[in-house]
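The values are calculated or read from the model by the stated rules, or taken from the named source; none is laboratory data. Please read all numbers here as calculations on a predicted model, not as lab measurements. Methodologically, a virtual Cβ is constructed for each residue, glycine included, from the backbone with ideal geometry; neighbour enumeration extends over all protein chains shown. Side chains included, ligands, DNA and RNA excluded: accessible areas come from the protein's heavy atoms. Shrake-Rupley method; radii C 1.70, N 1.55, O 1.52, S 1.80 Å.
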Amino acid sequence: MAATTLFVLVALLFVPVHAQSQSSEEGFISAVISQKGLDFSKDILVDLAITSLAPLSLPQIQKTVKIPLVGNVHIVLSNITIYRVDVSASEVKPGDTGITIVASGATANLSMNWYYSYGTWFIPIVVSDKGHASIQVEGLEVGLTLGLENQEGTLELSLMECSCFVKEISIDLDGGASWLYQGLVDFFEGQITSSVENAITKNMKEGVLKLDSLFNTFPKEIPVDEIAALNIAFVNDPMLTDSSIGFEIDGLFVAADKAVNHGYYHKISKSSVSCKGPPKMLEISIDEAVFNSASDIYFNVISTSASVEVIRNNLAGNVGLNDFTLTLKWSKVGNFHMHLIQSVMWIFLKTVFLPYVNLHLKKGFPLPIIRGFNLQNAKILCTNSLITVCSDVALADSFYNYLFP
């Protein structure tokens, strides 16, 4: 009952106007992530990428090389591990073809074991040695371009381009002769560089596939209660500009005992409301049709006034009853004096129903925010047909616990 009340009360905010029955594929809830929000998201993705890269094991490298004055030497580099990555600069840029993320000026630290063996023609024995080495990678640059596409109400993430470039590496040998160090530099520097580049590129590709798989698990419909559900299927492809990404979801309430059905409402507001003042990370717009769809499922012919506010990640408020009309649809026992029943219902609504509803409305109902994030410094803009929430976003304490349970 509490969940039902929260959604029904928000539906009451715009009940006086009813939508027309027209075929439409419009989205009735939209979200725009600004450049500020993209930078915030990019920083999180970079941090997660660094976490996935350290530690990261690289394939073993072995080769037989000819060393002057020594002869043919078999060298094996094993347990090559990236154990630290630092990123000094990164940027994200949306465009017509996708979203490009570039991390530049990065460094990486690696550790490895080395082993060599060789024999000489004048001494019939095998000479061998082993030890450790550390590698410093400088000028590491990683870039990837992601594509976003709506596939039957679900966002599909694709990797359009991915590259990794290492400018230079330096090797610090723990033990071993000077010729060994020079041999590692001369014969293995290119292989170590390629191994680092290939391993990071592979890791990024696997990360994108995991993220796409996560998108595919998002439901297209959220049950509200036994009466209604909220259709959260994506509508149309994301809208990319040079400084923002926009998404649209259906956003309409549907009866729980019926299949999701598009096309019964049209978008009341054709223009958006821009956030004023300092730029915010996120802008969520809820069209009047969303509230009308809830109203039509739960009840009609009622007029209310309301005030709304954002409390944490919830849209909360207070509602007052302006007027309502009670009509008799059918009766098996004759006509009723509806004006008498309406008077009794008025008293019940004013003294019992609305106080109960406002008690729950103070808690609010969740806005469509991904788990692990909190709205911060949110503002509400209202028009006759649109509610817009402008807000920054902060990581919740439970964010990393949610990702890494």
Notebook entry, point to check: What pairs in 36/379; 36/167; 220/267; 63/130; 167/205 have C-alpha atoms more than 23 Å from each other?
Noted result: 36/167
Next item on the list: Counting only C-alpha contacts under 8 Å and six or more residues apart, can you give the relative contact order of region 103-260 as a whole percent?
Entry: 18
Note to self: Quick check: convex hull over the Cα atoms of region 159-198, volume per residue in Å³, rounded to an integer?
What the structure shows: 68
Item checked: Descending semi-axes in whole angstrom, ellipsoid equivalent of region 41-173, from the Cα gyration tensor -> 43, 15, 13
Check: In nm², what is the average projected area of the convex hull enclosing the Cα atoms of region 26-84?
Finding: 8.4
Notebook entry, point to check: Between residue 100 and residue 347, what is the FRET efficiency for a Förster distance of 51 Å, r being their Cβ-Cβ separation, to the nearest 0.05?
Noted result: 0.25
Check: For region 184-238, what class follows from the C-alpha gyration tensor (a ≥ b ≥ c being the square roots of its eigenvalues): rounded when a/c is under 1.5, otherwise prolate if a/b is larger than b/c, else oblate?
Finding: prolate
Next item on the list: Any chance you could look up the accessible area of residue 87 with a 1.4 Å probe, heavy atoms only, rounded to 10 Å²?
Entry: 50
Notebook entry, point to check: If packing is taken as the mean number of other Cβ atoms within 10 Å per residue, what is the order of 279-288, 218-227, 373-382, highest first?
Noted result: 279-288, 373-382, 218-227
Check: Among 187, 139, 198, whose Cα lies farthest out toward the positive end of the dipole of region 54-216, if unit charges sit on the beta carbon of Lys, Arg (+1) and Asp, Glu (-1)?
Finding: 187
Note to self: Residues of region 35-60 with the amide nitrogen closer than 20 Å to a label point 7 Å from the Cα of residue 395, along Cα-to-Cβ, please.
What the structure shows: 35-56
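Roll a 1.4 angstrom probe over the protein heavy atoms and tell me the percent of accessible area of region 54-216 that is carbon or sulfur.
Working: 4520 of 8840 Å².
Carbon plus sulfur share of accessible area: 51 percent.
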Notebook entry, point to check: Rounded to the nearest whole Å², what accessible area per residue is found for region 35-117 with the 1.4 Å probe?
Noted result: 49
Checklist line | Note, ³J(HN,Hα) from phi for region 283-291, Karplus 6.51, -1.76, 1.60, rounded to Hz, x at Gly and Pro | finding: 10, 10, 10, 10, 6, 4, 4, 4, 6
Next item on the list: Would you please name the chymotrypsin sites (Phe, Trp or Tyr not before Pro) within region 70-123 that are DSSP coil residues with at most 12 other C-beta atoms within 10 Å of their C-beta?
Entry: 121, 122
Check: How far apart, in nm, are two points set 7 Å out from the Cα along the Cα-to-Cβ line at residue 168 and at residue 78?
Finding: 3.2
Next item on the list: Sort the following peptides by mean Cβ neighbour count (other Cβ atoms within 10 Å, averaged over residues), highest first: 192-198, 141-147, 27-33, 181-187.
Entry: 27-33, 141-147, 192-198, 181-187
Notebook entry, point to check: Amide H neighbours of residue 235 under 5 Å, counting only residues 5+ apart in sequence or on other chains, H built in-plane at 1.01 Å?
Noted result: 248, 249, 250
Next item on the list: On the full set of protein chains, 1.4 Å probe, figure out the accessible area of residue 91 and give it in Å² to the nearest 10.
Entry: 120
Next item on the list: Subtracting the Cα-Cα distance from 0.36 nm times the residue separation, let me have the gained length for residue 209 to residue 107 in nm, one decimal.
Entry: 34.2 nm
